[in-house]
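*Asks:* After the structure tokens below, expect a handful of questions from me.
No value in this document is a laboratory result; all are computed from the given coordinates. Note that the coordinates shown come from a computational prediction; the quantities given were computed from them, not determined experimentally. No Cβ is skipped: glycine too gets one built from the backbone with ideal geometry, and neighbour counts run over all protein chains shown.
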Amino acid sequence: MGTALARAAQWTAAGSGTGTLEITPLNESLLNQIIKFVEDFSSRHPQEAAFVFREPLEWETQLSSSVFGEDYEINDETAQSKAKDKDGKPLLLLTGSTLRVRSFDQLSRLLEVAVEKKLKEVQACLEANRDPIVKILGPAYGTVEGEDRSMLHLLDKVKRDDDTETEMKIKIFVFLHQLDLQLLNSALKQISQHVRLNPAAIDNEVNLLKNFSGKGEDTVLKSLQYTSDYVFFNGCRAPPWRQVHGEVCYLVIKPHDTGPLYITCSTAGVFLNGVSMKLAVIMSSILSYCHNTSYKTSPGQRERLLHATYGFSSHILCHRMAEAICLYETVRKDTGVERKSSTVSLKFKKKAISSESVKIQSSSKRYGLLISYSLIFKFLFSLLTVIVTLFSICTTPDMFEDESSSETEEDEEQPVCLQERSTDLPPEYWGIQKLAKYLKGGNATATVIALCSMRDFNLAQDTCQMAIRDLECLEVLINLLETEEIRCHIGSLRILKEISRNSMIRHAISDLGGLQIMVKILDSPSQDLRCLAAETIANVAKFKEARKTVRQHGGIKRLVRLLECTSVGSTSPTTYQVKDTEMARCGALALWSCSKSTRNKEAIRAAGGIPLLARWLRCSHVDILTPVAGTLQECASEPSYRLAIRMEGMIQYLVKNLSSESEELQMHCANAIFKCGEDKETRDLVRQHGGLQPLSALLSNSENKELLAAVTGAIWKCAISGENVSKFQEYKAVETLVELLPDQPEEILVNIVGALGECCQETANRSVIRRCGGIPPLVKLLSGTNQALLVNVTKTVGACATEPESMIIIDRLDGVRLLWSLLKNPNPDVQASAAWAICPCIENAKDSGEMVRSFVGGLELIINLLKSKNKEVLTSVCAAITNIAKDEENLAVITDHGVVSLLSKLANTKNDKLRRHLAEAISHCCKWGSNRLTFGENKAVAPLVRYLKSSDPSVHRATAQALYHLSEDPNNCITMHESGVVKLLLVMVGSTDETLQEAAAGCIANIRRLALATEKAKYG
Amino acid sequence: LLDSLTRSSKHFNKGEVECLVKLFNRLAAEPSNHFVNVGLDRNVFKDVMHRTFGMTDDVILDRVFRTFDKDNNNCISAVEWVEGLSVFLRGTLEEKIKYCFQVYDLNGDGYISRDEMFQLLKYCLPKQPSEEDTDEGIKDLVDIALKKMDHDGKISFMDFETTVRDDYLLLEAFGPCLPDIK
């Protein structure tokens, strides 16, 4: 059941760790089958059910101890079965909500008591035990990818010693296998409904079957023929008026024993004419029959049984099937067939089998014991292929993959359209045409000469590349890769490697299925070949589909394997090491190309690529460092990689290579640091390894824009840590950054301004920016449109505005107006960032009240932002309102715009940051007219009291001040008192924060005064 | 004999030499052999090369025989056998270049001429509609090969060596005369 669980079941968060089973119809049917299997297990196989698992299956149950019956000892939270294993441990143990079960017997009983919670329990169990077979039988039996030899090992073992335990294990293993197949089969049924046939696939299948038909006893069929030789342009053979019904072609099949069968192939499947039943149904019934027959026999017995039941050929069939199923594992590797065609072949093979079974039936009657074994073997073969294809479908990793994959493609290339072909062809064309003749027609010797001569052409040249493509050499070159001649492989790959730099050729190679073959070549024993194949893959895998193809055919794993160096430990720099380096370089190049797809990043990680990349990062050859660092920086977009890069100690080497000779390498390292700089620990590591100095130094190289973008990005992220900022100060990075401000492309500006913004945490840097003349270019950038840039610019300008001298410059350049107009930007990040920047501007500008009033409609604009849904926008606007309300006239205007009711509406928030700024805004707004009263009427007071229970002291302070101002109104005092404010404020009075103390005390005083006044009024 | 062979052989150890000599003795004892128990005649040699390495080209096999047969007596002695195989199976690139050149130099004059190339490449192309077409195709192929290796109409050992060192795929440029690379 391992394969089914790993492949067929739909897991959320596939991959490592614990995933959960998604709730889909497919999963539900899988679970139901598993339940049925377990429930029936103890009655059908009582002996095996008593088998004690190697380790208990353990999971969090929802069952309570009370549901267990009399066979269990129960005391409140725990329950244990009376049945014990030979060491006296209970077979079922429930402690709290953790359940441990150690036999099938107990499992099926458990399901009995679980009643309607069955499904949930099985799901929880499987989620907690991703490969239950391991726990049941021991780790040697785990589900492995690819070839599974555990069965064979087991058989060996049984042969050697006759111990009952192994036999028992074998039986259980076979049962589980059966279940596995059953699950896969039912999953397949669901999947195959979505797959349709096409003419090319049918044609392939027919040709395949034709190889096995002819005269003589040892063939599968007598003959197999199309009814019509005429092929329409679309590949169909059916007449057009039947094609509209989806029919593709018709076949006449002559089996050895019965009359001819007439078959219709349509896009919906393959049908036997005159029989309305889908052949798929026949096959599935045979298979299910096979599942129901027992495996309890030993090989010897099976042989005898075979003889005894030869009369009932269906039994033999099932036996053979059973054996075939055991065997399928060894062949399972051959699953390179495409999914569609494999389903087709499946359907075709079904057909073959059904006729075969008829044949065997009759022939067995005729020949008695002498049933032709060759026939059975043929049958076995076809069955095997069915099973192989069956599994190829289920083991194709992306079977359940969402086709609209999440791959992030920034640099997706599209094949450029062919330019107008000029009438006179270049001389290269004729030269290549001559060679093409020998490629196509010659034997290996002639081909090699042609291949070597072709390299003398300038293959980097467009005309040559196009000539090769137009002369159909590409097909031949790819075909050569499938020949036996290694020299042809090498010669062909050398050319493919060169011409695949052309994007049209890349697409053509991929379309011709070249990638699949090259991935296979990665397994070749010849190092040269592996290198060439990897390099070509590196060139071809520059677009999405190609990368996907590489992954789906197991290319990533093989490429990662190229990075493993075989000669570790040898001390002298032998040729081996040179070869290793070369191979790793090619492998890394290919991985680099592939790593642009998110799924490939994951695949590289899963294939164990990270430690290998880390190891090669330590070497000192630029050739290999560049692709390695390139791959790493590409992958650093994933959090898992960022963690790994830090944990594997790669930061040190990334930093080291910042000082490399190669600008490309420097760029990749800087980019990797840029992406990894999101994590604080990484930033610290960069500093500790002395990376900040080379980064600052690299700023002087402003010619290489890509490098500059990476370096400024790295500086930006590193500057998030305060310690790093002071280092940058030391290296005069801020000055250089300011100098770089004019005339840069936007993507670099984003990083530069981001870096400046972070550096402004340090007060000294603010004046540095001013002194270096950084403010005018910054203010100029405020009128830009790039949103990422605007966020950074507003932040930086805001930081500068905290300094009065800078503020004068900003004011003179009309920067505040620009900031204010950014509040109209549709992007909430920009809105929030602009509002934050406005705060210090109002605080530090001279005559700020007048300035704010001068923006026509400005106050209305900012008040309306209080209707935003974004928390950060709300918070920043509250902060801005706090500052605006300091000017009385402006406060009057915003009151008219309804600031009070809008603020009151926000009062129920749970966000501490918003609470703080909201409370500040409220306390400032209280100072005008009847605003206090209005806040009370809008029910803002009671929620404010609750803020005092927050854990954030800054919230307390702001709230206490707001409450103090609100308490000037008697009605508010009553509300506060009712909300239990006094007790809370009393605690605040004891605070060390004087402002808080004062505000709290003032508020209590107001409340007390009111109480006294009331009493006085009452009792006179 | 065994010891002297072991000493002189660069690429085989004693056990291997022993096996080769045993094989030699068995082959030499075959009744069809012309020089029973002395050496291998052309047919026996060709036969064993064909069976062991799947070499089929008769012209090449003849030349391989000649190259093995250093003293030109039409009979391969035990020494020639072991020494020949030493290059054939384990030779360094240099030895192999020399060996291949000798094989391709049909008349042994130190050059591979245009005619020799034509002879060697004669069966490279599938049968064309007419004899002339085939000949024309081969001639073109010879031209291509010549262009690749040299420009003065024939290939000297120097030319051959330079070409092969530049591109080792061309070691067996004019027909398979070494075991398959695996």
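*Asks:* Suppose each label sits 7 Å from its Cα in the direction of the beta carbon; what would the A:V231-A:S526 distance come out to in nanometres?
*Replies:* 3.2 nm
*Asks:* Right, next: Which of A:C1003, B:C177 comes first, and how do the rest follow, when ranked by fewest Cβ neighbours within 10 Å?
*Replies:* If I rank by nearby Cβ atoms, fewest first, I get B:C177, A:C1003.
*Asks:* Mind checking the full-extension length gain between A:K434 and A:S223? Use 0.36 nm per residue of separation minus the Cα-Cα distance, one decimal, nm.
*Replies:* So the extension gain works out to 71.8 nm.
*Asks:* Per q in 0.19, 0.22, 0.23 1/Å, what log10 I(q)/I(0) does a Debye calculation on the alpha-carbon atoms of region A:735-843 return?
*Replies:* Ignoring solvent entirely, the Cα scatterers give -0.85, -1.18, -1.30.
*Asks:* On full extension of the chain, what length is gained from A:V244 through A:D456, given 0.36 nm per residue of separation minus the C-alpha to C-alpha distance? It would help to have the intermediate numbers written out before the result.
*Replies:* On the way: separation 212, 0.36 × 212 = 76.32 nm, distance 5.21 nm.
Computed gain between A:V244 and A:D456 is 71.1 nm.
*Asks:* Using 7 Å Cα-to-Cβ label points, what is the A:E39/A:N870 separation (nm, one decimal)?
*Replies:* 5.5 nm
*Asks:* Among the listed pairs A:K520/A:K596; A:K544/A:K795; B:K46/B:K70; A:K548/A:K680, give every one whose C-alpha distance is greater than 26 Å.
*Replies:* Over 26 Å apart, Cα to Cα: A:K544/A:K795; A:K548/A:K680.
*Asks:* If you don't mind, there's one more thing I want to ask. For B:E136 and B:D62, what is the calculated FRET efficiency with R₀ set at 35 Å and r taken between the beta-carbons, to the nearest 0.05? Don't jump to the answer; show the numbers that get you there.
*Replies:* On the way: r = 26 Å, r/R0 = 0.74.
So the FRET efficiency works out to roughly 0.85.
*Asks:* What is the calculated FRET efficiency for B:N37 to B:D180, with r their C-beta to C-beta distance and R₀ = 30 Å, to the nearest 0.05?
*Replies:* In this case the efficiency is close to 0.40.
*Asks:* Once you have the alpha carbon radius of gyration of region A:833-1019, what is it after dividing by 2.2 N^0.38 Å, with N set to its residue count?
*Replies:* This ratio for region A:833-1019 stands at 1.03.
*Asks:* Let me check I've understood the local charge: for A:C772, count other residues with C-beta under 13 angstrom from its C-beta, Lys and Arg +1, Asp and Glu -1. What total comes out?
*Replies:* Result for the neighbourhood of A:C772: +2.
*Asks:* May I pose another question? Please give the average number of partner chain Cβ atoms lying within 10 Å of the Cβ of each residue in A:436-448, rounded to a whole number.
*Replies:* Per residue, the number of nearby Cβ atoms from other chains is 5 on average.
*Asks:* Sticking with this one: Whole-Å semi-axes of region B:93-181's equivalent ellipsoid, largest first, each the root of 5 times a Cα gyration tensor eigenvalue?
*Replies:* Each semi-axis is √(5λ); the values are 23, 14, 12 Å.
*Asks:* With viscosity set to 0.890 mPa s and temperature to 25 °C, compute the Stokes-Einstein D of chain B, Rh being the Kirkwood radius across alpha carbon pairs; µm²/s, no decimals.
*Replies:* Numbers: Rh = 17.6 Å.
Here the translational diffusion coefficient equals 140 µm²/s.
*Asks:* Right, something else. Quick one: Cα centre-to-centre distance for region A:79-116 and region A:854-877, in angstrom?
*Replies:* About 63 Å separates the Cα centre of region A:79-116 from the one of region A:854-877.
*Asks:* Say the dipole of region A:197-275 comes from +1 at the beta carbon of Lys and Arg and -1 at that of Asp and Glu; which of A:V270, A:L251, A:A238 then lies farthest toward its positive end?
*Replies:* Towards the positive end, the residue furthest out is A:A238.
*Asks:* Within 10 Å of each Cβ in peptide B:167-180, how many partner chain Cβ atoms are there on average? Round it to a whole number, please. The partial results should precede the final answer.
*Replies:* Details: counts 8, 3, 12, 7, 2, 4, 4, 4, 4, 6, 0, 0, 0, 4.
Taking the mean over all residues of the peptide, I get 4.
*Asks:* Greater than 28 Å separation of Cα atoms is the criterion. Which listed pairs, A:K675/A:K732; A:K675/A:K905; A:K727/A:K886, meet it?
*Replies:* From the list (A:K675/A:K732; A:K675/A:K905; A:K727/A:K886), the Cα-Cα distance tops 28 Å for A:K675/A:K905; A:K727/A:K886.
*Asks:* Hey, got the dipole for region A:833-1019? About the Cα centre, +1 on K and R Cβ, -1 on D and E Cβ, debye to the nearest 20?
*Replies:* The dipole magnitude comes to about 740 debye.
*Asks:* If you don't mind, there's one more thing I want to ask. Provide the three semi-axes, in whole Å and in decreasing order, of the ellipsoid equivalent to region A:427-512 as defined by the square roots of 5 times the Cα gyration tensor eigenvalues. Provide the component values of the computation, followed by the final result.
*Replies:* Numbers: eigenvalues 64, 44, 23 Å².
In descending order the semi-axes read 18, 15, 11 Å.
*Asks:* Hey, another quick one. Radius of gyration and Dmax for region B:1-91's Cα atoms, expressed in Å?
*Replies:* Rg and Dmax of region B:1-91, Cα atoms, are 12.4, 35 Å.
*Asks:* Could you pull out the trypsin sites (Lys or Arg not before Pro) across region B:1-63 that fall in loop regions by DSSP (anything but H, G, I, E, B) with no more than 12 other Cβ atoms inside 10 Å?
*Replies:* Within region B:1-63, the qualifying trypsin sites (Lys or Arg not before Pro) (loop, at most 12 other Cβ atoms within 10 Å) are B:K10.
*Asks:* For a quick check: sort A:W59, A:W241 by the number of other beta carbons within 10 angstrom, fewest at the front.
*Replies:* If I rank by nearby Cβ atoms, fewest first, I get A:W241, A:W59.
*Asks:* Contour minus end-to-end for A:E746 and A:R817, with contour as 0.36 nm per residue of separation and end-to-end as the Cα-Cα distance?
*Replies:* Fully extending the segment from A:E746 to A:R817 adds 23.3 nm.
*Asks:* May I pose another question? Just tell me how shielded A:455-465 is by partners: mean number of partner chain Cβ atoms within 10 Å of each residue's Cβ, no decimals.
*Replies:* Across the residues of A:455-465, the mean count of other-chain Cβ atoms within 10 Å is 1.
*Asks:* Right, here's the next one. Got a sec? How would A:C531, A:C669 order by Cβ neighbour count within 10 Å, fewest to most?
*Replies:* The order, fewest Cβ neighbours first, is A:C531, A:C669.
*Asks:* Using the Cα atoms of region A:197-275 to build a convex hull, what is its mean projected area in square nanometres?
*Replies:* Taking a quarter of the hull surface, the average projection is 5.4 nm².
*Asks:* On to the next question. Could you pull out every one of the aspartates and glutamates with an alpha carbon less than 12 Å from that of B:K139, ignoring same-chain neighbours closer than 8 positions?
*Replies:* Result set, ordered by chain and number: B:D115, B:E116.
*Asks:* Can I ask one more? Distance cut-off 19 Å, Cα to Cα: go down the list A:K542/A:K601; A:K910/A:K983; A:K118/A:K189; A:K437/B:K96 and report the pairs above it.
*Replies:* Values: A:K542/A:K601 14 Å; A:K910/A:K983 21 Å; A:K118/A:K189 25 Å; A:K437/B:K96 29 Å.
The answer is A:K910/A:K983; A:K118/A:K189; A:K437/B:K96.
*Asks:* What spacing in nm lies between the two simple spin-label points modelled at A:E58 and A:K210, each 7 Å away from Cα in the Cβ direction?
*Replies:* Roughly 6.1 nm, to one decimal.
*Asks:* Now, a different point. Set the Förster radius R0 to 41 Å, insert the Cβ-Cβ distance between A:D76 and A:R646 as r into 1/(1 + (r/R0)^6), and round the FRET efficiency to 0.05.
*Replies:* 0.30
*Asks:* Treating the beta-carbon of each Lys and Arg as +1 and of each Asp and Glu as -1, no other charges, what is the dipole magnitude of region A:197-275 about its Cα centre, to the nearest 20 debye? All intermediate terms of the calculation are to be shown ahead of the outcome.
*Replies:* Details: 6 positive and 7 negative charges, 32 e Å.
That gives region A:197-275 a dipole magnitude of about 160 debye.
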